[in-house]
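Below: one structure, written as structure tokens.
Since every read-out is calculated from the coordinates, none of them should be taken as a lab result. The model shown is predicted, which means the values in this text are computed figures rather than measured ones. Cβ placement follows ideal geometry from the backbone for every residue including glycine, while neighbour counts extend to all protein chains displayed.
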Amino acid sequence: MDFEFKTIDHNNLGDVVYQNIAEALIKGALRPGARLKIRDLAQEMGTSVTPVRDAILRLVHEGALLLKSPRDIRVPVLQQDRYLEIRTIRLKLEGLAAAHAAMTADAADIHRLELLIGENEKALSAHDFARATEINQIFHFELANIAAMPILRGILRNLWLQMGPVISAAYEAGGRTMIEHHYDVVDAIRRHDAEAAKHAIRKDIMSGGGVILNSNVLSDEQ
């Protein structure tokens, strides 16, 4: 496991441990099927096993982790039907975020989005797919931030707990397909064209979705 968990202090310990693991899932640092060991995580984060176990159980309850046994905790391999349902929801919600971002974005917001695309291009060129996946997630969440829609962002965060590992697993195969529509999103936002921004992010989700569906990273079990 390449991802390095942050060492934490003991204030609000349970929440910090939870956020630490959740961030790894959302950013795609953990792949489908990856096994998590409570003692290893506790040691890496400098804490006892109790808050780690509590965080794991919370993420299991949210569908982000799979508890096969007390000693076998894994990032689930998402079922195709579940993925398609999440994608349908993302099309609506991220389309809404992009549309509102187009109506509210200022020059600084647009510059941040442009920088993210540039960083993603550099990461792809360097074959640093872990970094590229992380930047992709930041770009998508930034639309909700620009739109000033924190409730929507919270809903997206819960969806990306399950989507992050799947996107990460398919990102190398997708390459620039995973970001080519980001340019259209930013162009629409720059023109304050809400409808175009909505359609551009939906094309991005569908394009990346095609890569995911063809990359053998989903389960077809019911």
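Numbers at a glance
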read-out	value
Residue check for A126: surrounded by fewer than 23 Cβ atoms within 10 Å (Cβ to Cβ) and over 22 Å from L213 (Cα atoms)	yes
Qualifying helices (runs of 4 or more DSSP H) (wholly inside the range 9-76; at least 3 residues being in contact with a Leu (Cβ under 8 Å, 6 or more places away or on another chain))	13-26, 49-61
Of residues in the range 147-189 being of a type in the set (D, E, K, R) and in a helix (DSSP H, G or I), the one surrounded by the fewest Cβ atoms within 10 Å (Cβ to Cβ)	R176
The range 13-65, residues that are of a type in the set (S, T, N, Q), surrounded by fewer than 17 Cβ atoms within 10 Å (Cβ to Cβ) and farther than 22 Å from I167 by Cβ	Q43, S48, T50
